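The values are calculated or read from the model by the stated rules, or taken from the named source; none is laboratory data. Quantities reported herein were computed from a predicted structural model and do not represent experimental measurements. Cβ placement follows ideal geometry from the backbone for every residue including glycine, while neighbour counts extend to all protein chains displayed. Side chains are part of the model used for accessible areas, which takes the heavy atoms of the whole protein and leaves out ligands, DNA and RNA. Shrake-Rupley method; radii C 1.70, N 1.55, O 1.52, S 1.80 Å.
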Amino acid sequence: MRVEVEKIRRLCRRRGMSLRKALDRAGVSRNAFYSLARRPEILPGSVVSLAASLGVAPGRLLGEDPPLVQKAIALNEIADRIA
């Protein structure tokens, strides 16, 4: 799975914050973020922290997944909203 930089930027814009602010809130350096963005695989801890700083499930920051994974992500987001 890869980090989708444009998805993250859109989420930041929707929340009225810069990418830099989201990264600061997540405790992820810009260098680490752009390093993650260039890799075919990511470090889960960084993605989880960044997603938490944006208030979304980590799957929202990633590229397309197999259908079962997409269904699990959708169910997780519904559970998050209910909670």
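Assorted remarks:
- In this structure the chain gives 65 Å² per residue of accessible area when probed at 1.4 Å with all protein chains present.
- In a DSSP loop and with at most 16 other Cβ atoms within 10 Å, the trypsin sites (Lys or Arg not before Pro) in the chain are R2, R15.
- For the chain, the carbon plus sulfur part of the accessible surface works out to 55%, probe radius 1.4 Å.
- Net lengthening on full extension, E4/N31 (0.36 nm per residue, minus Cα-Cα): 8.2 nm
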